[in-house]
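The values are calculated or read from the model by the stated rules, or taken from the named source; none is laboratory data. Predicted model, so just to flag it, every value in this text is computed and none were measured. Here the Cβ positions follow ideal geometry from the backbone for every residue, glycine too, while neighbour counts run over all protein chains shown.
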Amino acid sequence: MAATNAREEVKNSDEKINAAKSAVDQARQRLLVATRGGRAEDVQISRATVAEIKAQVQHLEQQIAQTIVRAPDDGLISRRDGHIGDITTAGTPLFAMVRMNRMELRAQVSDIDIAKIHPGQTVKVTIREEDAKPVIGKVRLVNPLVDTSTRLGIVRIDLPADAGLKPGMFVRGEIGLGQHDSVTVPVGSLVTRNGESVVFKLDSENHALSTHVIPGIRTEQFVEIKEGLSPGDRVVAKGARFLQHRDVVRVSK
């Protein structure tokens with residue numbers, strides 16, 4: 001019913017426009033007659049009539065234009081909140097559109113790490129950890145504000161249109177902050193005792209020597225050692241937390 005009423009209103013508006021255009025033609029004819037042989041007062045009245053009718057036509061055309069919702073750009077409509085017959089107000093969203101099919105990842109980053117991220121950095125985006133071929137994105141914007149309750153900031157990452165991702169999906173992103181050579185040990189080699197980080201280094205006689213180290217970046221498999229070890233040092237990879245200084249270790253091959 002609402003759609004039918006709306007169509008009738010548009011039809012009535014079109015008829016009013018046609019009638020107004022006819023009135024304009026008639027007024028022009030009267031203006032022409034008045035200009036050729038009428039009085040000055042008649043000419044002014046005819047001109048005023050033409051201007052009034054033109055204003056009415058323009059007003060009706062604007063009303064019809066307001067009944068049409070036009071997309072501001074090419075894209076994909078991802079959500080529709082407005083329906084035929086709804087009464088809406090200014091500022092109420094009617095549609096959500098993926099503009100130019102452009103996708104972005106809104107990544108939540110801690111306040112400690114967000115200072116290391118800058119626009120232009122490359123991001124590897126995966127849906128699952130076992131994905132062999134990640135989607136390559138690029139940091140577009142780093143939000144200048146951090147949520148005081150969660151201590152997380154938003155990083156906006158542009159994604160390629162052919163990434164195969166959908167709005168609302170959860171993904172994992174890795175941002176490369178740089179590369180450098182360093183000494184690393186397996187995560188199981190690092191032991192914390194008395195508040196200090198310890199690694200058991202093997203000497204030539206396979207004695208486990210408790211060595212204080214300063215750890216750095218940690219991944220799921222390895223830990224960076226900033227100080228305390230040199231490249232090529234042999235360390236205990238498994239069972240280190242059960243050892244004491246100078247315990248004899250049997251090396252298995």
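Side notes on the structure shown:
- Test: residue in the stretch 89-105 that is more than 30 Å from D14 (Cα to Cα), modelled with pLDDT under 80, of a type in the set (A, V, I, L, M) and exposed (fewer than 15 other Cβ atoms within 10 Å of the Cβ): yes
- Of the residues examined, H118 is one that is part of a loop (DSSP other than H, G, I, E, B) and closer than 25 Å to I217 by Cα.
- In the set (1) over 30 Å from R140 (Cβ atoms); (2) modelled with pLDDT of 85 or more, the condition left unmet by V24 is number (2).
- Restricting the stretch 131-142 to residues that are surrounded by 13 or more Cβ atoms within 10 Å (Cβ to Cβ) and among the charged types (D, E, K, R) leaves a set whose member that is nearest to the chain's Cα centre (by Cα) is R140.
- You will find that of I112, I84, I64, I117, the residue that is within 27 Å of V146 (Cα to Cα), in contact (Cβ under 8 Å) with a residue 40 or more places away in the chain and among the β-branched types (V, I, T) is I117 and no other.
- Filtered residues of the stretch 140-164 (kept if in a loop (DSSP other than H, G, I, E, B), in contact (Cβ under 8 Å) with a residue 12 or more places away in the chain and under 15 Å from R99 (Cα atoms)): P160, A161
- The set of residues in the stretch 165-200 that are outside any loop (DSSP other than H, G, I, E, B) and either among the hydrophobic types (A, V, I, L, M, F, W, C) or in contact with a His (Cβ under 9 Å, 6 or more places away or on another chain) (or both) comprises I175, V183, V185, V187, L190, V191, E196, S197, V198, V199, F200.
- Every residue from the stretch 199-209 that is touching a residue at least 24 places away in the same chain (Cβ under 8 Å) and either assigned by TED's automatic domain parsing to the domain that holds I127 or in contact with a Leu (Cβ under 8 Å, 6 or more places away or on another chain) (or both): V199, F200, K201, L202, A208, L209
- Pairs, first under 11 Å from I53 (Cα atoms) and in the same structural domain as V50 (by TED's automatic domain parsing) in the stretch 22-37, second basic (K, R) and modelled with pLDDT of 80 or more, C-beta under 8 Å, six or more apart: V24/K54
- Of all residues in the stretch 143-195, those being surrounded by 14 or more Cβ atoms within 10 Å (Cβ to Cβ), among the basic types (K, R) and either modelled with pLDDT under 90 or within 18 Å of Q221 (Cβ to Cβ) (or both) number 1.
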